[in-house]
1. How much accessible area per residue does the chain have, counting only protein heavy atoms and a probe of 1.4 Å, in square angstrom?
2. Find how much the distance from V153 to L13 grows on full extension, using 0.36 nm per residue of separation minus their present alpha carbon separation; answer in nm with one decimal.
3. State whether the range 1-98 is rounded, prolate or oblate according to the following rule on the C-alpha gyration tensor (a ≥ b ≥ c being the square roots of its eigenvalues): a/c under 1.5 gives rounded; otherwise a/b larger than b/c gives prolate, and the remaining case gives oblate.
4. Enumerate the calculated ³J(HN,Hα) couplings along the range 55-64 in order (Karplus 6.51 cos²θ - 1.76 cosθ + 1.60, θ = phi - 60°), each rounded to whole Hz, writing x wherever the residue is Gly or Pro.
5. Within the range 1-45, whose backbone N sits under 11 Å from a point 7 Å along Cα→Cβ of A137?
6. I want to verify a result. In a Gaussian network model of the chain, Cα cutoff 10 Å, which of these has the top mean-square fluctuation: L128, L58, L85?
7. Considering Cα pairs under 8 angstrom that are at least six residues apart, work out the relative contact order of the chain and quote it in whole percent.
8. Of S67, S156, S29, which has the largest mean-square fluctuation in a 10 Å C-alpha GNM of the chain?
Amino acid sequence: MDVNIFGFMPALLPVALSPGASFTLVMNSALAGGNKGLFRTLTGTALGIYTHAFFIGLGITAVLISSPAAFAVLKVTGTVYLLWLGAMLIRSGITVNSGGVSGARHSVTLKEAWLANVLNPKAILFYLTVVSQFAGAKGGVSNYLILASVHIVVMSIWLFAITQTLIFSAKKTNPLMLKKYVNIVGGMMLIAFSLHSLIY
């Protein structure tokens, strides 16, 4: 296998460590469900990354991108889905009250995390334009899965460290207020990310 893992790392780090849709969903899940919610969202995101690797390895992604109409449908679908998730997070934050009850608290499911990643046009383009440069001359599913595994490990270590800090902070402060602000701000960020993906 001629997969270039060491060359891939400098290209991966800015993407894996920057705030995005997955980052926002993981923060929400860590507050709503603790480590259980965190691992559920990380697992869904990891499955989404493996899905991208599998599709590009089989050539399905290239076919999708070659059709402007199909890619436009994907962008709109992804945008609508992230807008819905963002609205759910904002609604969850607004309904948190001082009595300790969070009406309709939205904890991200594995399926929602997977869909948020799979329907993200930027993730598709990242695997098609960046990851493909390090998958070797012939590419292949196995090479892309190796690079996806590196992506998942780096992302998981980073998000785990950040969420542990967040969970620790929640214990030291008013957890309801922290959940309120994280959910509302996180929902607004998801909406901003989704609209940005649609426009650019």
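1. Computed with neighbouring chains in place, this is 48 Å² per residue.
2. 49.3 nm
3. Working: a/c = 2.60, a/b = 1.45, b/c = 1.79.
The shape class here is oblate.
4. Those phi angles translate into 5, 6, x, 8, x, 5, 4, 4, 5, 5 Hz.
5. 2
6. Greatest mean-square fluctuation among the candidates belongs to L58.
7. Rounded, it is 42 percent for the chain.
8. Greatest mean-square fluctuation among the candidates belongs to S67.
The values are calculated or read from the model by the stated rules, or taken from the named source; none is laboratory data. Only a predicted model underlies this, so the values are computations on that prediction, with no experimental measurement involved. Cβ sites come from the backbone with ideal geometry, for glycine too, and all protein chains shown count toward neighbours. Just the protein is used for accessible areas: all its heavy atoms, side chains included, with ligands, DNA and RNA removed. Shrake-Rupley method; radii C 1.70, N 1.55, O 1.52, S 1.80 Å.
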